[in-house]
Structure formats: structure tokens, C-alpha cells
Amino acid sequence: MIYSYHISKRRFRFRQPAGTSRGVYTDKTSWFVTLRDDRGREGTGECSPLPDLSCDALPDYEEILKDCCQLVCVTGRTDFDEMRPYPSMTFGLETAVRHLEAGSFRLFDTAFTRGEAGIPINGLVWMGTYKEMYARMEEKLRAGFRCIKIKIGAIGFDDELRLLAAVRERFAPEEVQLRVDANGAFAPEEAMRKLEALQPFGIHSIEQPIRAVWREATAADPWRDMARLCRESPIPIALDEELIGANRIEEKRALLDAIRPQYVVLKPSLHGGMQGVTEWVEEARRRNIGSWITSALESNVGLNAVAQLAAHLYGDDLQLPQGLGTGALYTDNIDRPIRLRGDRMWYVG
């Protein structure tokens, strides 16, 4: 297949600042790749790195992206194996190829894309003041969400415990599932104490309690602290940032074997695109490790592809809530045939 390509760049504005323990987002930049084949078919995908987090969020990002597009156009190959160091670029090009070949925004044939089933999602509570976070949490509960994910690590830990207590005073764990995401905010020496303090609230899981250090470590056992927490924590631990940069299958296997987390949380833009996330899911299953898929602040172009990948990988009876509730973040999003109804995402194309 012979391709040509076009790249455009766009900055999206958040409706309100989105706070994490790593900082606050007020806008987000994406690059859109459109591939055109020699039969006149076109497909578009979104390349959406996260600054200071993605392994491919590089100063010369657009130049590298052009090289990747040129490689596809010259070789006609769409296995993208040579692009493993650049997961967000891989995901954008994978999406573009699927869009082109499908001839529509329906990238996979699933119960989700046939409009027969919605995907359950968690309601995400971004960081802010205690008052702001409480109001956001109440909004999610009123909207019918039965899985709430709360970003922690920026305000006082006691205030964060109060938020969790406010949910548990009204809803039992079997009524509302609580997830927390620390984004690596806990110091290793304090992590166990904080995990024990969280235990009484019936927490489903905690994402990335301590910072991922293995890629920058020189110690013989860079996974020691995280592996110990996964063995001893009273709360199941889900890895997220820890997986970034483990792009080869051998690295993925080594990481999972060394740490043995209870869950992995997968973002195609961070964790290898569609191909890379598929490998993570398969390797996790072989080790009885659970997983779910989330977006990484993409616009609806990327979000549509993330949601469809989740439905494809987990099957038509997908029950575990996914992290797909980011479509309403922007004031100037791009329209795609996905809609939130209550705590489920639906395909309406």
C-alpha cells in the first residue's frame, strides 16, 4: 500500500484546571496525522503525548513524527514495530490506518460499536481544594456513577480521607466502588502507613502509590520498593506510570514478574499504542493480573479509539469500569460518535 500523509497541530482548552500531584493542566496539545492511500481513502489518528510523563514527549516531537510517517509511506508497513520508543505516535498512526481501512469511525466490530452495549466508566474527581473536590464527587454520584476515582496527593491527606469517608457514610463498597490515584505522590517510607489509613474505606485499588524510578535507577533491584508494597499492601495496587518506557515485550515480562501488581492501568498513548496495550493485557492475564484501559487526555478522536480498543480486548460483556470519562474536559473538543449516558459510554454512529 502506498500512503501520503498530512500533520496538523491543535491546542485544546480545559473547561476548568485539571489537577494532579504532578501539576495542573489548563490546555493540551495534540498532533493529528491523516493518511491517504492510492485509492483515495483517508484516515485520521491523534498523537497526544503528556508533557513530563510520556517517554516520547521530546523537544523535536513533530520532526520525529514526520520521520515515522515517512517510514510508513515509504515501506507501506503498518506493524509499527520500529516505532516502539514512540507510543503516542504509534497510537495515532494505528488509529489512522484503522480509520482508513474501516471507512468510518467504527474501528472494531464489537457490541459497543454496534450500539448494543455501553462501556462502564469511572467518574473522575480531579484535584483541587477540599470544597472543589467534594463538589465534583457529589456531581459524579448524582449523575449515577457507581465507580469513583479520586486523585490524591496534592491536598492534605487528612482531607482526602474525609472525602472517602463522606462516600462510605452513604454507600457501601458493593454500591459504590472507590479507586484512588496517587500519581506517585507517596514517599516510599510513608507509603505503607498511608495505605493502612486508606484500608477502612473499602478501596478497590490505588494507582501508582510511589514514583516510578526503575528507568533512572542504577541499583541492582530498582523495583524493590514497589514490589514490596505490592506484596504487603492491604489495598490492591495498580501500576500506571511504572509501565511507561517498557516498550519491548521482554521489558514488560520482566517488570510484571519482578513487581507482581494486582492490576495494570493502560493508556495506549503512554503504553505502546494498540499493539503495546494488547501485549500488556495478554501478559497480565498470563500472571492473573487484572487490567483496565484509560484515556490520556486525548480529544474525542483519540478517546473514540481508546474506547473501541477496550471493547475489542475485553469482549462484549465488559464489566470492569474503564477510565474513559475525559471527553467533556475541553471547551473545543472534536465531535466523534461517542456519548456519555450516566456512567456508561455509548457509540452512536
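Values in this text are rule-based calculations from the coordinates and carry no lab data. Everything numeric here is computed off the predicted structure, so don't read it as measured data. Please note: Cβ atoms are built from the backbone with ideal geometry, for glycine as well, and neighbour counts cover all protein chains shown.
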Review point. Which whole-number percent is the relative contact order of the range 279-349 (Cα, under 8 Å, 6+ apart)?
Key: 30
Check your understanding: Which values, in whole Å and largest first, are the semi-axes of the equivalent ellipsoid of the range 191-349 obtained as the square root of 5 times each eigenvalue of the Cα gyration tensor?
Key -> 29, 18, 15
Revision key, fill the gap. In the chain, taking the dipole from +1 charges on Lys and Arg beta carbons and -1 charges on Asp and Glu beta carbons about the Cα centre, the listed residue (A143, T75, A328) farthest towards the positive end is A143
Check your understanding: Could you give me the ³J(HN,Hα) list for the range 239-247, computed from phi with Karplus coefficients 6.51, -1.76, 1.60 and θ = phi - 60°, whole Hz, x at Gly and Pro?
Key -> 8, 9, 4, 4, 7, 5, x, 8, 9
**Study point:** Calculated FRET value between Q199 and D81, using beta carbons and R₀ = 30 Å, to 0.05
**Key:** 0.10
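Give, in nm to one decimal, the length gained when the segment between S4 and D332 is fully stretched (0.36 nm per residue of separation minus the Cα-Cα distance).
115.3 nm
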**Study point:** For the range 1-142: relative contact order, % (alpha-carbon pairs under 8 angstrom, 6 or more apart)
**Key:** 24
Review point. Which residues' amide hydrogens lie under 5 Å from the amide hydrogen of F105, considering only partners 5 or more residues apart or on another chain, with H built in the peptide plane?
Key: none
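If the convex hull of the alpha-carbon atoms of the chain is projected onto planes in all directions, what is the mean projected area in square nanometres?
Result: 16.8 nm².
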Revision key, fill the gap. Once normalised by the length of the chain, the mean sequence separation of its alpha carbon contacts under 8 Å that are 6 or more apart gives a contact order in percent of 21
Check your understanding: Among P85, L243, G103, whose Cα sits farthest toward the positive end of the charge dipole of the chain (+1 at Cβ of Lys/Arg, -1 at Cβ of Asp/Glu, about the Cα centre)?
Key -> G103
Practice item. Please sort by residue number the trypsin sites (Lys or Arg not before Pro) in the range 117-196 whose DSSP state is loop and whose Cβ has at most 15 other Cβ atoms within 10 Å. Key: R170
Revision key, fill the gap. Among K149/K194; K9/K252; K28/K267; K9/K66, the pairs whose Cα-Cα distance exceeds 20 Å are K9/K252
Review point. With +1 on each Lys and Arg Cβ and -1 on each Asp and Glu Cβ, how big is the dipole of the range 94-155 about its Cα centre, in debye rounded to the nearest 20?
Key: 280
Study note, to complete from the structure: Here the tail fraction of P(r) beyond 21 Å, over all Cα-Cα pairs of the range 1-80, rounds in percent to 39
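Expected output is a single nm value to one decimal: the length gained when fully extending between Q319 and L161, i.e. 0.36 nm times separation in residues minus the C-alpha distance. What is it?
Roughly 54.1 nm would be gained on extension.
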Review point. Rounded to the nearest 500 deg cm²/dmol, what is the calculated helix-only ellipticity per residue at 222 nm for the chain, with -39500 (n - 2.57) per DSSP H run of length n ≥ 4?
Key: -10500 deg cm²/dmol
